[in-house]
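Notes follow once the structure below has been shown.
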Amino acid sequence: MNYSMGYPAGYDRNLLQFSQDLWNCSSLQSRWEELTSFAERLGFEKGAYIIVPKIEGRVEDRQPICLSNHADDWVDHYNSHHYYFKDPGMDHLLSGKKADQLWTDYTVRPTGKIDEGFFHDVRSAGLKFGVTIPVDCSNKHLVGGASFASCERTQLGFDAQMTAKYPILKGAVQLFHTYAQEPETLSEFFGFTPREHECLLWLTAGRANKEIAHILNLSEKTVEHHIKRACKKLRVTNRTHAVARAMTFQLLSP
C-alpha cells in the first residue's frame, strides 16, 4: 500500500487539511464552527452534534447536550416540544445502531411510528434530505452522533451528493468527535465557572452547603448561588439530579 505523509493513498486531502484545522483550534465551539463550515462546502448546510445518556429515567436526566447551527427558533421549538425523544434520528442513536440513517426514511416515507406533530414541523422547517451518523463514545454511559441536512432539493441530487461527498463528511464528523467526547471538552458544553465546578465536586462528596462554604471560604448564600447556576446549566432542578447528570457525563474530575 502506498502512503503519503502517513496516510493511505486516496485519503481525501480536504480531510487532511480539516484535521489540521481542528488541531489548531483552542475550543469546542471553534472546532464546531470548523466542522459546520467544512460540511457546508460539501453541500450540507445545517447540522447538529448530540451526546445523550443511555440511562432510562426522568426526561431531565436524559436530555442531550447539543451543538447546532440550525436557526435559533427551530432549536427552541425542538427543545420545548421534547422532540429529541420523538425524533427517529435520536431513537436511532439511542438504539445503539451503528449504521447511518437517511432522513428520507421518515421525511419522505413516514410510517405510523412517526409523531405527526414532529413530522409536520420537520417538513415546515424545510428539512427533507439529510443523514444521521452514529459515533462511538469512550464513555459507555453515553451515545452520540451528528445529523446534517442536505442543500439538495431532489432525490436525484441527494443520491449523487451521498455518493460523492458523504464519505468525506463522515470522516470529518469522526475527527471532530475524537476531540468533543473527551471529559474536559464535554464540560465546555455546560460552561461551568471554576467555583461552580468546585461546588459540584463537593456536592458529589456529600457535603452540605455549610460545609462547602467553610471549605471554600465562601458564604452559604454564595455557595447556594453557584449551585443554582450549575443546576441551571445542567438543566436540572435539584442537587441530586445535578450530581447524577454531571457524573454521567464524567464532568467531575478534580
Any idea of the accessible area per residue across the chain, 1.4 Å probe, to the nearest Å²? 53
Could you state the angle between the C-alpha long axis of helix 155-164 and the longest principal axis of the C-alpha atoms of the chain, as a value from 0 to 90 degrees rounded to the nearest 10? 80
Between Cys25 and Glu211, what length in nm is gained on full extension when 0.36 nm per residue of separation is reduced by their alpha carbon distance? 63.0 nm
Å³ per residue of the Cα convex hull, for the range 181-254? 76
Most positive-pole-ward Cα, Ser219, His197, Gln161, against dipole of the range 74-228 from beta carbon charges: Gln161
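Once neighbouring chains are kept in place and the probe is 1.4 Å, which whole percent of the accessible area of the range 113-217 is contributed by carbon and sulfur?
That share works out to 54 percent.
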How large is ³J(HN,Hα), in whole Hz, for each residue of the range 235-252 in order, when computed from phi with the Karplus curve 6.51 cos²θ - 1.76 cosθ + 1.60 and θ = phi - 60°, using x for Gly and Pro? 6, 10, 10, 8, 4, 4, 6, 5, 5, 4, 5, 5, 5, 4, 8, 6, 9, 10
³J(HN,Hα) across the range 35-45 via Karplus (A = 6.51, B = -1.76, C = 1.60, θ = phi - 60°), whole Hz, x for Gly/Pro? 5, 5, 5, 4, 4, 5, 5, 8, x, 10, 7
Name the residues whose placed amide hydrogens come within less than 5 Å of the amide hydrogen of Leu142, ignoring near sequence neighbours (fewer than 5 apart) on the same chain. Lys54
In degrees rounded to 10, the 0-90 angle between helix 220-234 Cα long axis and the longest Cα principal axis of the chain is 20
Starting from the Cα of Glu182, step 7 Å along the direction of its Cβ; do the same at Met247; then give the gap between the two resulting points in nm. 2.6
With x for Gly and Pro, the residue-by-residue ³J(HN,Hα) of the range 70-76, computed from phi through the Karplus equation 6.51 cos²θ - 1.76 cosθ + 1.60 at θ = phi - 60° and given in whole Hz, is 5, 4, 4, 5, 5, 4, 4
Between Arg123 and Ala164, the FRET efficiency computed from the C-beta separation at R0 = 35 Å comes out, to the nearest 0.05, as 0.85
Total charge dipole magnitude, the chain, about the Cα centre, Cβ charges on Lys, Arg, Asp, Glu only, Debye to nearest 20: 460
Expressed as an acute angle from 0 to 90° and rounded to the nearest 10, what is the orientation of the C-alpha long axis of helix 13-24 relative to the principal long axis of the chain? 10
For the chain, modelled as a Gaussian network with Cα springs under 10 Å, which listed residue fluctuates most, Ser80, Ser187, Ser150? Ser80
Structure shown: which of Lys54/Lys97; Lys46/Lys165; Lys54/Lys140; Lys46/Lys170; Lys46/Lys128; Lys210/Lys232 lie over 18 Å apart, alpha-carbon to alpha-carbon? Lys210/Lys232
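The values are calculated or read from the model by the stated rules, or taken from the named source; none is laboratory data. The model shown is predicted, which means the values in this text are computed figures rather than measured ones. Heads up, the Cβs are rebuilt from the backbone with ideal geometry, glycines too, and the neighbour counts pull from every protein chain shown. SASA here: full protein model, heavy atoms, side chains in, ligands and nucleic acids out. Shrake-Rupley method; radii C 1.70, N 1.55, O 1.52, S 1.80 Å.
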